[in-house]
Amino acid sequence: MNKKRHDRDADVLIAGGGPAGLALAALLGKNDVKTLLIDKKAPPPPLREISPEGRTVAMLGRSLDILEKAGVLALCRPHAERIEAMRIIDDSAHGFKPPFETLFRAREAGREEFGLNIPNAVLHSALYEFLKNNKNVTCLFEEEIEEINLRQGAPDAEIRLAGGAVFSAPLLAAADGRDSAVRQQAGISVRDRDYAQTAMTMLISHSSAHNGISTEFHRPGGPLAVVPLPDNTSSIVWVEKTEDARAFLSLPHKRLETALQERLNGIYGDIRIETPPEGWPVISRTATRLTGARTAILAEAAHVLSPITAQGLNLGLRDADDLAKTVTESLQLGLDPGSKSVLDRYESRRKNDIFIRTRGVDGLNRCVATPSKPARMIRRAAFAGLNRVPAPLRRTVIDRILTLPHGTSGTRSEQTHGTPPYA
Ligand SMILES: Cc1cc2nc3c(=O)[nH]c(=O)nc-3n(C[C@H](O)[C@H](O)[C@H](O)COP(=O)(O)OP(=O)(O)OC[C@H]3O[C@@H](n4cnc5c(N)ncnc54)[C@H](O)[C@@H]3O)c2cc1C
């Protein structure tokens, strides 16, 4: 690695300019940390040029504080919708019994909103627009990292881009997604679970108002979430067993619309599918550690969760926030941000949150998907109980449990596999 060498180009190199990498760059840049971010894709388009898309992220609780700190919450708000209430409809005996329903309002916990539902492209572009004006951050798009050099005891991590340029810094932060090459190079293994499900995503418009309520139907094939967006539109995350999802995705537009409409129990009136439906494999993948030689991994490079839980990027933004804090503190104290002691601090800050969320989501996934009738009855009784418990307990549910939603069981392995979307 000695071609076109740029020594000590930054305090932190970030591999990956998805939402997690861009958020980390924004947080570091605001703290005067010299940062170089590299992504192989094209840069996000300006906010004003974004067209509607089917994928959104529900940003809950602390994520809003982090987006505010990263300087982009105000840019996102005009394109996003507040989530003021969450409704769970247990429709596991679809067609036979009346579905059971429970509703939690943010104001029960003294809040105006649970969070914001933001189109992915909006969040991505807002972060990039903010970064363009930050003198501490350089973003290189359409540049693929081809070689990664992480030596125990070396003063820097080094990367070589496909074009030949070499960059080095004391710390390499890996936000390069679920198939992270940096994670693999750092020798960090993962635990995988394949739920044999596919999440179908699309945007719909509807004749009845959503009233700021995010609704999740628990159904035998998997959960179906309808999350509010502005102007009587909502984003759909509809999980089915993969073979069923493939069949739905191959239906003509009108028939898919009818199939979805039937599953929404009339709550949204007449619906129209506004964007081409896409399919995303539902897996969980958890890294066994968060750090290696001069490396910290975050977001989907460290953990992939069932999408329906709306936890993935929320957890990833908390990684970015805690990593930015750890690095900033170390630099302010004159410490090496890629040293083992600093990396250990990041790992200890993150490991409990990641452990609790990934295990909790997985457990709930399997509980909701179980075909066992007694287990389904217990679940329904638990929901019925929630409608009667005193307010303080409901507040606990809102704070600790409700943001851990649902999916299905699966098989476990230690392998890494690619997970491209198919439409
Ligand atoms: C259907 C669905 C719905 C979801 N809904 C929610 C939700 O409501 N709330 C929530 O919190 N989360 C949700 N998630 C999860 C969320 O979308 C992910 O957590 C998030 O997009 C992951 O972001 P990331 O930055 O970690 O990874 P990515 O977005 O995958 O970014 C990785 C980046 O690294 C780059 N890269 C990779 N390798 C290289 C290389 N060698 N050189 C250069 N660049 C490289 C890639 O080009 C890419 O831009 C959902 C997920 C799905 C599938």
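Where a number appears in this text, it was derived from the coordinates with a stated rule and is not lab data. Predicted model only: the values in this text are computed from it and were never measured. With ideal geometry, Cβ positions are generated from the backbone for all residues, glycine too; neighbour counts draw on all protein chains shown.
Shown here is the pair-distance distribution of region 234-312: with all Cα-Cα distances grouped in 10 Å bins from zero up to the longest one, the shares run 14, 37, 25, 15, 8, 1 percent. Could you state, as a whole-number percent, how many of the C-alpha pairs of region 108-170 are farther apart than 15 Å? Value for region 108-170 (Cα pairs over 15 Å): 70 percent.
Each of Thr258 and Ala391 was given a label point 7 Å from its Cα along the Cα-to-Cβ line. The distance between the two points is 4.8 nm.
Considering only Leu75, Pro52, Ile145, and ranking their Cα positions along the charge dipole of region 29-147 that arises from unit charges at the beta-carbon of Lys, Arg, Asp and Glu, the one farthest toward the positive end is Leu75.
Rounded to the nearest whole Å³, what is the per residue volume of the convex hull around the Cα atoms of region 32-105? Please list the in-between numbers first.
Values: hull volume 14.0 nm³, N = 74.
Convex hull volume per residue, Cα atoms: 190 Å³.
Against the main long axis of the alpha-carbon atoms of the chain, helix 312-332 sits at an angle near 30°.
Note on region 18-69: Kirkwood hydrodynamic radius from all Cα pairs is 13.2 Å, rounded to one decimal. DSSP assigns beta bridges within region 1-152; of those with both partners inside it, close to 65 percent run antiparallel.
Gain in length, Lys135 to Asp244, computed as 0.36 nm per residue apart minus the alpha-carbon separation, to one decimal in nm? Please report the intermediate quantities before stating the final value.
Values: separation 109, 0.36 × 109 = 39.24 nm, distance 4.95 nm.
Gain on extension, Lys135 to Asp244, equals 34.3 nm.
A viscosity of 0.890 mPa s and a temperature of 25 °C, combined with the Kirkwood radius over Cα pairs in Stokes-Einstein, give a translational diffusion coefficient for the chain of 110 µm²/s. Where both bridge residues fall in the chain, DSSP classifies roughly 75% of the beta bridges as antiparallel. Residues whose amide H comes within less than 5 Å of that of Thr56, counting only those at least five positions distant or on another chain, are Asn120 (H built at 1.01 Å from N in the peptide plane). For the chain, averaging the sequence separation of C-alpha pairs within contact (under 8 Å, six or more residues apart) and dividing by the residue count gives a relative contact order of 21 percent. Spin-label pair Asp65-Ile267: with each label point 7 Å from Cα along the Cα-Cβ axis, the two points sit 2.9 nm from one another.
Largest GNM mean-square fluctuation among Ala175, Ala299, Ala375, using the chain with Cα springs under 10 Å: Ala375. Here each label is just a point 7 Å from Cα along the line to Cβ, and for Glu101 and Ala382 those points are 2.2 nm apart. Residue separation of Ser189 and Arg77 scaled by 0.36 nm, minus their Cα-Cα distance, works out to 36.5 nm of gained length.
Among the listed pairs Lys30/Lys325; Lys325/Lys351; Lys34/Lys69; Lys40/Lys69; Lys30/Lys135, which have their C-alpha atoms separated by more than 19 angstrom in this model? Beyond 19 Å between Cα atoms: Lys40/Lys69. Principal-axis analysis of the Cα atoms of the chain puts helix 19-30 at an angle of about 50° to the longest axis. Scalar couplings 3J(HN,Hα) for region 133-140, obtained by applying the Karplus form with A = 6.51, B = -1.76, C = 1.60 to θ = phi - 60°, are 9, 9, 5, 7, 10, 10, 10, 10 Hz; x denotes Gly and Pro.
Under 10 Å, Cα contacts only: if you run a Gaussian network model on the chain, which one of Ser339, Ser125, Ser372 comes out with the highest mean-square fluctuation? Most flexible of the set in this elastic network: Ser372.
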